[in-house]
Amino acid sequence: MATVVVILAAVLPYLPTLGDYFIQDDFGVVWLFAQRSPLHFVDWFTGPWTEDIWGYVPDEVRPFPALSYSVMAWFGSGSPVANHVLNITLHAANATLVMGLARWAAGVSLPGAALAGLVFAVMPIQAESVAWVTGRVDSLPAFFYLASFATFVLWRSSHRTTTYAWSVALCFMALFSKQNTITLGPALVLYDLMVARQPVRVSWSWFRPYAPFAALTAGFLLLRFVLFNEVAREGILNSQRVSEFFSDTSRHLVRLALGDSYMRTPALQAALIVAVVLLAVWLLARRGERTAASSAVGPAVYFGGAWIALGVAPILMAGYYSPRHMYLASAGWAVLVGTVFDVLWTRTSPRLVRQAVAVGGAALVVFYAVQLRVVVRDWNQRGVVSRQAVIDLEREVASLPEGTLVILGVPGSSWGYSVPYSARPPFTSTDLTTRVRLVSDSVQHCCPVHLWEAYTRQTLREWLARPDRPPVVALNWNARTAAMSRLTEQEEPYLRPLMQVWLATDNRVTLNGAIHNLLNNHVAPRPPVRRPN
């Protein structure tokens, strides 16, 4: 029953996302793997999984995520439903594994373990990894990581060879799903040291259980060096990146514990979280019998400290802020909550105190769930705008002369990094880029800003040089209503000479600003275009 409740908590909040349309990076990823058969699986072990769709070769060897997108394309590459079903299924499986870790690894009672699973399921910080199709690049490796860790813990108690073999195999899958899983080996060693209290001996008998994990990790890092001349993106390390990492970590920890409810300053937020963790450790040390308390301190410190630290550490090499980077680390917070709850629930005698503890645990779940509903609603709206933009653009292009210059103003929350893939099959019936020329700001464009600038200037130059003088049309979509506004050359003759002004701008910042000015100040205020019924 506890497992069923945890699964329902992981699934029900995300059911509204099943029909959410593709947004942002989804377009490029889905477009690519709609053309790639699962038979490419072996090739994805020796090259970047997204090839060069972003205008550069990423240092990411991720055959298992690539396989998942390729297989989902069988169910209709132009439909997001199958991808959302898989994302939600993975999240439910991960929440169940977190409950299992609390039970098996932390020694928490069933009510506490169930609370850990519930907390993991409904934390609003998880939404990006579940509601966003591309968010699977964090939930899938987390599944393999958690499953490998859980089977290792079970092997420690059962000593079954098949259980250990599964742990090693799942480690392999985790590594080739995302590079942040290289922390699995250290996580196992620290678990044995801090929780299982395995004595450390400098000997082969002590190291032997970790040897396959160490070998797999070393082989994976060596492969990365051979392919990309870097082991773990160490080339981006500098003082600025370290400073950004600490700033990002502070924001991550706040969202991890408090969701999207923020206090006024990051310092107060971080202080509150530290105070909560210290209080939890103090309670564990004070409550119950001495031996029982000491047995709970190890799991609390491990999952609330070491696990989260190992989950956060790879963010140093990420280079940008994203809530989904905390998906794996959040399992540690959930288990810590379950452990503290367990101590207060099972080791206090006054009935009133136990009732208060039960109410507190339920209140925390509700606190997260209410916020999650708001966040999911935001993802729904992004999908609505994205789908409407695809439909409107295809209809507009069908009525325009060939070679028309179309200036796009789709909100970046829906179409960031999506152009030109969002204008191609399987999202449209034909490749719209073969009929018209598309120009957008740098956020909507698929590729780095220097490539966006080169593409935009070349497109403007070629369009202005055409002897048949095709028209120019600017389209903008409202982020809240998905309403489309249109501005044409016939309505405002200044559009054509304005394109010459754009081409004459001396830098990319000015060019980007000129596009924003047109869309925000001249197109967006116009009355919405009526759509056919």
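A few points about this structure:
- The chain, dipole about Cα centre (Lys/Arg Cβ +1, Asp/Glu Cβ -1), debye to the nearest 20: 1540
- When you count the other C-beta atoms within 10 angstrom of each residue and take the mean per peptide, 430-442, 209-221, 97-109 line up highest first as 97-109, 430-442, 209-221.
- Magnitude of the charge dipole for the stretch 324-482, about its Cα centre and with charges confined to Cβ atoms of Lys, Arg (+1) and Asp, Glu (-1), is about 560 debye.
- Within the accessible area of the stretch 2-51 (1.4 Å probe), percent carbon and sulfur: 71
- Extreme residue, positive dipole direction of the chain, given options Gly76, Ala93, His40 (C-beta unit charges): Ala93
- Computed over protein heavy atoms with a 1.4 angstrom probe, the accessible surface ordering of Met484, Met72, Met173, Met1, largest first, is Met1, Met173, Met72, Met484.
- Rounded to 10°, Cα long-axis angle of helix 449-465 versus longest principal axis of the chain: 20
- Degrees separating the helix 508-518 axis from the principal Cα axis of the chain, which is the longest one: 70
- Cα-only radius of gyration and Dmax that characterise the stretch 300-351, units Å: 14.6, 50
- Relative to the dominant Cα principal axis of the chain, helix 290-301 is inclined by about 20°.
- Share of carbon and sulfur in the accessible heavy-atom surface of the stretch 389-456 [1.4 Å probe, %]: 59
- Solvent-accessible surface (1.4 angstrom probe) belonging to Glu492, in square angstrom, nearest 10: 60
- Packing-based order for 120-128, 369-377, 396-404, using average beta carbon neighbours within 10 Å, highest first: 120-128, 369-377, 396-404
- Split the accessible area of the stretch 90-148 by element, probe 1.4 Å, and carbon with sulfur accounts for 72%.
- 1.4 Å probe accessible area per residue over the stretch 42-169, in Å²: 31
- Karplus-derived HN-Hα couplings along the stretch 322-331 (A = 6.51, B = -1.76, C = 1.60, θ = phi - 60°), whole Hz, x at Gly and Pro: 7, x, 5, 5, 9, 4, 5, 4, 5, 4
- For the chain, share of DSSP beta bridges that run antiparallel, in % to the nearest 5: 35
- The chain, relative contact order in percent, only Cα pairs under 8 angstrom and at least six apart counted: 17
- Sorting Glu491, Glu51 by accessible area puts them as Glu491, Glu51; the probe is 1.4 Å, largest comes first, and only protein heavy atoms count.
- Most positive-pole-ward Cα, Phe213, Val226, Tyr56, against dipole of the chain from beta carbon charges: Phe213
- Note that the stretch 422-437 has calculated 3J(HN,Hα) couplings of 5, 9, 10, x, x, 8, 10, 5, 9, 7, 5, 6, 7, 9, 10, 9 Hz, one per residue in order, obtained from phi through the Karplus relation 6.51 cos²θ - 1.76 cosθ + 1.60 (θ = phi - 60°); glycine and proline are x.
- Calculated [θ] (222 nm, deg cm²/dmol) that DSSP helices of n ≥ 4 give over the chain, each run adding -39,500 (n - 2.57): -18500 deg cm²/dmol
- Accessible area of Arg197 (1.4 Å probe, protein heavy atoms only, ligands and nucleic acids ignored): about 150 Å².
The values are calculated or read from the model by the stated rules, or taken from the named source; none is laboratory data. All of these numbers come straight from a predicted model, not from anything done at the bench. Glycine gets a Cβ as well: all are built from the backbone with ideal geometry, and neighbour counts include every protein chain shown. Areas reflect the complete protein model, heavy atoms only, side chains present, ligands, DNA and RNA absent. Shrake-Rupley method; radii C 1.70, N 1.55, O 1.52, S 1.80 Å.
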